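*Asks:* Structure incoming, see below.
The values are calculated or read from the model by the stated rules, or taken from the named source; none is laboratory data. The structure displayed is predicted, hence computed values, not measured ones. Reconstructed Cβ throughout: ideal geometry from the backbone, glycine too, with neighbour counts over all protein chains shown.
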Ligand SMILES: Nc1ncnc2c1ncn2[C@@H]1O[C@H](COP(=O)(O)OP(=O)(O)OP(=O)(O)O)[C@@H](O)[C@H]1O
Ligand SMILES: [Mg+2]
């Protein structure tokens, strides 16, 4: 940019433009993700352990619409479980904003938190043993949260049987967890999480202890829940095949959402349909984008880069000025 350009004096604004600008400044900015069911805005979670600070979430933004099924993927330690424990009401973030339906998770007192966990969200853990009470049958496990919510006994039995059927494990009703396979236990766990008809189902690596084929079955069961019961599902997984099962896969890197894969059905010229998966980088609320490591390494992008605004896109160039200056 040359000096003349920098010193250029702006034309005075026409009065009508000025009043329009003033009006816009006065209007309250629209709430981020107002229409979404789950809103995470600039979420930060810092853990202190033995004097060391770990930033598990570093300004994470995520919106999930009601009725969506979203998979969350990312390397070990990227913050996936931290995000899910925040959404489940088990953990409170250090800063940021998080809302699920009408619940502001930063401002809930202990009583609200119990109510939120009992009515709004259901949870499935990776460890099959953690999800179910070992000495109760599948039907009794599903009926337990219903009893805690005060549902009459007769209705509990019928509702539990219905949920086990939806998950395709009606035949396990009278069995205890030790008498079921890992996949069957996880389906019963999903039924248990749905006992009180929560709007949101959260699952942290529900397929982590299962083989590939059984994993696919459990993911399909979650998809059926999402489709048939309309439950919004957020599932964390290491399963690289997950984007085959869901419309939207969100990748977390270093405590932030870094990219998303969206699947949609497209129509070819000959009229046949096929599924297209497209990967997008996520531009956060502060305008930040994470460049994939392969890109950074290939072009040696470190520290400073040059940005160039083109008519339809933005270019990122390595900063070569230091090398040129040496010559
Ligand atoms: N209670 C805790 N105290 C201290 N540090 C924690 C705690 N929980 C998580 N962390 C740290 O926060 C970071 C994110 O952890 P998190 O469990 O959310 O990762 P993750 O993506 O679920 O990993 P994985 O795929 O291995 O389950 C990690 O560096 C982890 O060591
Ligand atoms: Mg985890």
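*Asks:* Just checking, how many residues over the stretch 175-213 are on the phi > 0 side of the Ramachandran plot and more than 16 Å from ligand 1 (Cβ to nearest atom)?
*Replies:* Summing the residues that are on the phi > 0 side of the Ramachandran plot and more than 16 Å from ligand 1 (Cβ to nearest atom) in the stretch 175-213 gives 1.
*Asks:* Here is a follow-up. Kindly indicate the residue of the stretch 207-234 that is at pLDDT 90 or above and assigned to a loop (DSSP other than H, G, I, E, B) and also nearest to the chain's Cα centre (by Cα) among those meeting that condition.
*Replies:* If we take residues in the stretch 207-234 being at pLDDT 90 or above and assigned to a loop (DSSP other than H, G, I, E, B), then 231 is nearest to the chain's Cα centre (by Cα).
*Asks:* Answer yes if at least one residue in the stretch 46-55 is within 16 Å of ligand 2 (Cβ to nearest atom) and buried (at least 22 other Cβ atoms within 10 Å of the Cβ), and no otherwise.
*Replies:* Looking through the stretch 46-55, none of the residues is within 16 Å of ligand 2 (Cβ to nearest atom) and buried (at least 22 other Cβ atoms within 10 Å of the Cβ).
*Asks:* Being assigned to a loop (DSSP other than H, G, I, E, B) and either more than 12 Å from ligand 1 (Cβ to nearest atom) or touching a helix residue (DSSP H, G or I) at 6+ places or on another chain (Cβ under 9 Å) (or both) is the filter here, so list the residues in the stretch 73-93 that pass it.
*Replies:* 74, 88, 89, 90, 91, 92, 93
*Asks:* Where residues in the stretch 240-253 are outside any strand (DSSP E or B) and within 13 Å of the chain's Cα centre (by Cα), which of them is surrounded by the fewest Cβ atoms within 10 Å (Cβ to Cβ)?
*Replies:* Filtering the stretch 240-253 for residues that are outside any strand (DSSP E or B) and within 13 Å of the chain's Cα centre (by Cα), the one surrounded by the fewest Cβ atoms within 10 Å (Cβ to Cβ) comes out as 247.
*Asks:* Do the conditions hold for residue 60, that is, is it surrounded by 12 or more Cβ atoms within 10 Å (Cβ to Cβ), within 16 Å of ligand 2 (Cβ to nearest atom) and at pLDDT 95 or above?
*Replies:* Criteria not met by residue 60.
*Asks:* Based on what the data block shows, is residue 237 within 17 Å of the chain's Cα centre (by Cα), crowded, with 21+ Cβ neighbours inside 10 Å and at pLDDT 95 or above?
*Replies:* No; evaluated as a whole, the condition is false for this residue.
*Asks:* Which count do you get for residues in the stretch 166-194 that are under 22 Å from the mean Cα position of the chain (by Cα) and surrounded by 22 or more Cβ atoms within 10 Å (Cβ to Cβ)?
*Replies:* Final tally of qualifying residues: 7.
*Asks:* Of 97, 115, which residue is part of a helix (DSSP H, G or I) and more than 16 Å from residue 201 (Cβ to Cβ)?
*Replies:* When all the criteria are applied, what remains is 115.
*Asks:* Right, here's the next one. Within the stretch 254-275, does at least one residue satisfy the condition of being in a loop (DSSP other than H, G, I, E, B) and surrounded by 10 or more Cβ atoms within 10 Å (Cβ to Cβ)?
*Replies:* Yes.
*Asks:* Going by the structure shown, is residue 229 closer than 16 Å to residue 66 by Cβ and within 16 Å of ligand 2 (Cβ to nearest atom)?
*Replies:* It is false that residue 229 is closer than 16 Å to residue 66 by Cβ and within 16 Å of ligand 2 (Cβ to nearest atom).
*Asks:* Could you say whether any residue in the stretch 23-38 is within 30 Å of residue 260 (Cα to Cα) and either at pLDDT 95 or above or within 10 Å of ligand 1 (Cβ to nearest atom) (or both)?
*Replies:* There is at least one residue in the stretch 23-38 that is within 30 Å of residue 260 (Cα to Cα) and either at pLDDT 95 or above or within 10 Å of ligand 1 (Cβ to nearest atom) (or both).
*Asks:* Might you check whether a residue that is under 21 Å from residue 193 (Cα atoms), within 16 Å of ligand 2 (Cβ to nearest atom) and outside any helix (DSSP H, G or I) occurs anywhere in the stretch 128-145?
*Replies:* Scanning the stretch 128-145 turns up no residue that is under 21 Å from residue 193 (Cα atoms), within 16 Å of ligand 2 (Cβ to nearest atom) and outside any helix (DSSP H, G or I).
*Asks:* Is one or more of the residues making up the stretch 84-91 more than 16 Å from ligand 2 (Cβ to nearest atom), in contact (Cβ under 8 Å) with a residue 24 or more places away in the chain and surrounded by 20 or more Cβ atoms within 10 Å (Cβ to Cβ)?
*Replies:* Yes, the stretch 84-91 has at least one match.
*Asks:* Say we look at the stretch 141-163 and pick out the residues that are within 26 Å of the chain's Cα centre (by Cα) and surrounded by 23 or more Cβ atoms within 10 Å (Cβ to Cβ); which of these is nearest to residue 228 (Cα to Cα)?
*Replies:* My answer is 163.
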